[in-house]
1. Can you say what percent of the DSSP beta bridges in the range 1-147, counting only those with both residues inside, are antiparallel? Round to 5.
2. Please give the helix 58-67 orientation as an angle from the longest Cα principal axis of the chain, in degrees from 0 to 90, rounded to the nearest 10.
3. How many Å² of accessible area per residue for the chain, probe 1.4 Å?
4. Can you list the chymotrypsin sites (Phe, Trp or Tyr not before Pro) in the range 64-120 that are in a DSSP coil and have 15 or fewer other beta carbons within 10 angstrom?
5. On C-alpha positions alone, give me the angle between the axis of helix 22-39 and the longest principal axis of the chain, in degrees, nearest 10.
6. Give me the percent of accessible area attributable to carbon and sulfur for the chain, probe 1.4 angstrom.
7. Which residues' amide hydrogens lie under 5 Å from the amide hydrogen of Val136, considering only partners 5 or more residues apart or on another chain, with H built in the peptide plane?
8. How big is the dipole moment of the chain about its Cα centre under a simple scheme where the beta carbon of each Lys and Arg is +1, that of each Asp and Glu is -1, and everything else is neutral? Debye, nearest 20, please.
Amino acid sequence: MFTSPPYNVGMDYAQHDDRMDAGAYWRLIDGVLSVGRDAMGVGAALAWNVGVSPKSRPFDHCVAIERSGWTWLRQLVWRKTGAAIPIWQHTRSKHKARHFTPNYTHEAIFIASNGDVALGSDIVPDDAFQHDVFDVGQFAAGGHGHPAAFPVALAAGIVAHLSAPLEVVYDPFVGSGTSIIAAEQLGRRCYGIDID
């Protein structure tokens, strides 16, 4: 399962309310994580991409992953080259201690497994993903109207290492279809759903 859920930070989606109260939002996240784990075989992998702002609450996502029965393995950092969310000007304009607002230039990808990891068949490792911090340009996303699309290169890099050819990739928040495109390019099958 490779996905990036809505972060509940007020994005403008056509149908999804990205301003849910906290209880409803975490019930949604817990439900998707639990159903995904139940549908997967033991040893399957999860890659959960989430923003790192205070509003997106990345560490609560880690707790939700474990609460839903997944075994948390590690965190990767996707450095979004060329796509900083510029907030540094707030620090420069106030000149006050602790008013520290560096630009957002990365997101976290939490890796987990359904029980112990089960090794699959042979893959071709991509050296661009040899470190737990890697660069993928955000401007390559081209979401075709989706407000928060991620680039195919990001999905492809993760899918290439966590699935084998002909295996199934599942994306419960498929959005503009990036996971489907990456899976097709890599000879995997992908099932994706979305309400928006």
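1. Working: 16 of 23 bridges.
Looking only at bridges with both residues in the range 1-147, the antiparallel portion is about 70 percent.
2. Here the helix axis deviates by roughly 30 degrees.
3. Details: 10750 Å² over 196 residues.
Solvent-accessible surface per residue comes out at 55 Å².
4. On the way: sites: Trp70, Trp72, Trp78, Trp88, Phe100, Tyr104, Phe110; in loops: Trp70, Phe100.
Those satisfying the criteria are Phe100.
5. Helix 22-39 sits at roughly 20 degrees to that axis.
6. Details: 6110 of 10750 Å².
Solvent-exposed carbon and sulfur of the chain make up 57 percent of the total.
7. Those qualifying (amide H under 5 Å, at least 5 residues apart or on another chain) are Arg79, Thr81.
8. Numbers: 15 positive and 20 negative charges, 186 e Å.
In total the dipole reaches around 900 debye.
The values are calculated or read from the model by the stated rules, or taken from the named source; none is laboratory data. Worth saying up front: this structure is predicted, and the values here are computed from it rather than measured. All Cβ positions, even for glycine, are placed from backbone atoms using ideal geometry, and neighbour counts span all protein chains on display. These area figures cover heavy atoms from the full protein model, side chains too; ligands, DNA and RNA do not enter into them. Shrake-Rupley method; radii C 1.70, N 1.55, O 1.52, S 1.80 Å.
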